[in-house]
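The values are calculated or read from the model by the stated rules, or taken from the named source; none is laboratory data. As the structure is a computational prediction, the values presented were derived from the model and not from experiment. Cβ atoms come from the backbone with ideal geometry, glycine included; neighbour counts cover every protein chain shown. Heads up: the accessible areas ignore ligands, DNA and RNA and are worked out on the full protein's heavy atoms, side chains in. Shrake-Rupley method; radii C 1.70, N 1.55, O 1.52, S 1.80 Å.
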Amino acid sequence: ATTQPTQALAMLNSDFLNERAAAFSARVRTEFPESSRAQIVRALNLVLGRAPTGAEVQRGLSLLETLKSGDQLTPEAAMNTFCLLALNLNEFLYLD
(Lines give C-alpha, C1' and ligand atoms only; values in the text may rest on other atoms or scores of the structure.)
Protein backbone atom coordinates (compact mmCIF):
# COMPACT_ATOMS: atom_id res chain seq x y z
CA ALA A 1 0.00 0.00 0.00
CA THR A 2 1.23 3.45 -0.82
CA THR A 3 0.10 6.92 0.03
CA GLN A 4 0.31 9.71 -2.50
CA PRO A 5 0.93 13.30 -1.34
CA THR A 6 -2.42 14.30 -2.80
CA GLN A 7 -4.13 11.77 -0.52
CA ALA A 8 -2.60 13.38 2.56
CA LEU A 9 -3.55 16.85 1.31
CA ALA A 10 -7.10 15.69 0.65
CA MET A 11 -7.34 14.34 4.20
CA LEU A 12 -6.14 17.64 5.69
CA ASN A 13 -8.22 19.88 3.46
CA SER A 14 -11.48 17.98 3.01
CA ASP A 15 -14.61 19.65 4.28
CA PHE A 16 -15.80 16.33 5.71
CA LEU A 17 -12.68 15.69 7.78
CA ASN A 18 -12.54 19.28 8.99
CA GLU A 19 -16.18 19.02 10.10
CA ARG A 20 -15.44 15.75 11.91
CA ALA A 21 -12.38 17.31 13.56
CA ALA A 22 -14.49 20.24 14.79
CA ALA A 23 -17.10 17.86 16.22
CA PHE A 24 -14.36 15.75 17.81
CA SER A 25 -12.80 18.89 19.29
CA ALA A 26 -16.15 20.01 20.70
CA ARG A 27 -16.56 16.60 22.34
CA VAL A 28 -13.21 16.63 24.14
CA ARG A 29 -13.58 20.31 25.11
CA THR A 30 -17.01 19.53 26.60
CA GLU A 31 -15.71 16.48 28.47
CA PHE A 32 -12.72 18.38 29.93
CA PRO A 33 -13.47 22.12 29.72
CA GLU A 34 -10.75 23.26 32.12
CA SER A 35 -7.72 21.22 31.03
CA SER A 36 -5.92 21.25 27.69
CA ARG A 37 -3.80 18.35 28.89
CA ALA A 38 -6.88 16.25 29.66
CA GLN A 39 -8.38 17.17 26.28
CA ILE A 40 -5.25 16.01 24.48
CA VAL A 41 -5.03 12.80 26.49
CA ARG A 42 -8.70 12.02 25.77
CA ALA A 43 -8.41 12.84 22.06
CA LEU A 44 -5.31 10.71 21.60
CA ASN A 45 -6.80 7.88 23.64
CA LEU A 46 -9.87 7.82 21.40
CA VAL A 47 -7.92 8.11 18.16
CA LEU A 48 -5.12 5.69 19.00
CA GLY A 49 -7.14 3.20 21.03
CA ARG A 50 -4.47 3.29 23.72
CA ALA A 51 -3.12 5.61 26.37
CA PRO A 52 -0.84 8.22 24.80
CA THR A 53 2.77 8.45 25.91
CA GLY A 54 4.01 11.42 27.88
CA ALA A 55 5.97 12.58 24.85
CA GLU A 56 2.84 12.47 22.66
CA VAL A 57 0.91 14.53 25.19
CA GLN A 58 3.75 17.03 25.50
CA ARG A 59 3.97 17.43 21.71
CA GLY A 60 0.22 18.05 21.65
CA LEU A 61 0.49 20.71 24.34
CA SER A 62 3.39 22.35 22.50
CA LEU A 63 1.37 22.38 19.30
CA LEU A 64 -1.60 24.00 21.05
CA GLU A 65 0.62 26.70 22.50
CA THR A 66 2.26 27.37 19.13
CA LEU A 67 -1.12 27.60 17.42
CA LYS A 68 -2.45 30.00 20.07
CA SER A 69 0.60 32.21 20.45
CA GLY A 70 2.33 31.98 17.08
CA ASP A 71 -0.66 31.62 14.80
CA GLN A 72 -3.04 33.63 17.00
CA LEU A 73 -5.73 30.95 16.98
CA THR A 74 -8.42 30.83 19.63
CA PRO A 75 -8.26 27.88 22.04
CA GLU A 76 -11.19 26.31 20.18
CA ALA A 77 -9.56 26.70 16.76
CA ALA A 78 -6.27 25.36 18.10
CA MET A 79 -7.99 22.25 19.47
CA ASN A 80 -9.84 21.83 16.16
CA THR A 81 -6.47 21.82 14.40
CA PHE A 82 -5.02 19.37 16.91
CA CYS A 83 -7.99 17.04 16.38
CA LEU A 84 -7.55 17.30 12.60
CA LEU A 85 -3.92 16.31 13.05
CA ALA A 86 -4.92 13.41 15.32
CA LEU A 87 -7.37 12.11 12.71
CA ASN A 88 -4.51 12.13 10.19
CA LEU A 89 -2.03 10.15 12.29
CA ASN A 90 -0.73 7.01 10.59
CA GLU A 91 -1.66 4.98 13.66
CA PHE A 92 -5.29 6.04 13.15
CA LEU A 93 -5.38 5.62 9.37
CA TYR A 94 -3.61 2.29 8.99
CA LEU A 95 -3.95 -1.11 10.62
CA ASP A 96 -0.80 -3.12 11.31
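Miscellaneous remarks
- Angle in degrees between helix 75-87 and the longest Cα principal axis of the chain, rounded to the nearest 10: 30 degrees
- Between the Cα long axis of helix 15-31 and the first principal axis of the chain there is an angle of about 30°, rounded to the nearest 10.
- Each of PHE24, PRO52, PHE82 was scored by the projection of its Cα onto the charge dipole of the chain, and the greatest displacement toward the positive side belongs to PRO52; charges sit on the C-beta of Lys, Arg, Asp and Glu.
- The apolar share of the surface of the chain, taken as the fraction of accessible area on carbon and sulfur atoms (1.4 Å probe, ligands and nucleic acids excluded), comes to 57 percent.
- Of the Cα atoms belonging to region 18-66, the radius of gyration and Dmax stand at 10.4, 28 Å.
- Gaussian network model of the chain, Cα within-10 Å springs - most flexible of ASN13, ASN45, ASN80: ASN13
- Nearest-ten-degree value, helix 36-48 long axis tilted from longest Cα axis of the chain: 20 degrees
- Checking every one of the chymotrypsin sites (Phe, Trp or Tyr not before Pro) in region 30-96 against DSSP loop status and a limit of 10 other Cβ atoms within 10 Å picks out TYR94.
- For region 9-96, averaging the sequence separation of C-alpha pairs within contact (under 8 Å, six or more residues apart) and dividing by the residue count gives a relative contact order of 35 percent.
- Segments 46-52, 26-32 sorted - mean Cβ within 10 Å per residue, highest first: 26-32, 46-52
- When each of the peptides 72-78, 18-24 is scored by how many other beta carbons lie within 10 Å of its residues on average, the order from highest to lowest is 18-24, 72-78.
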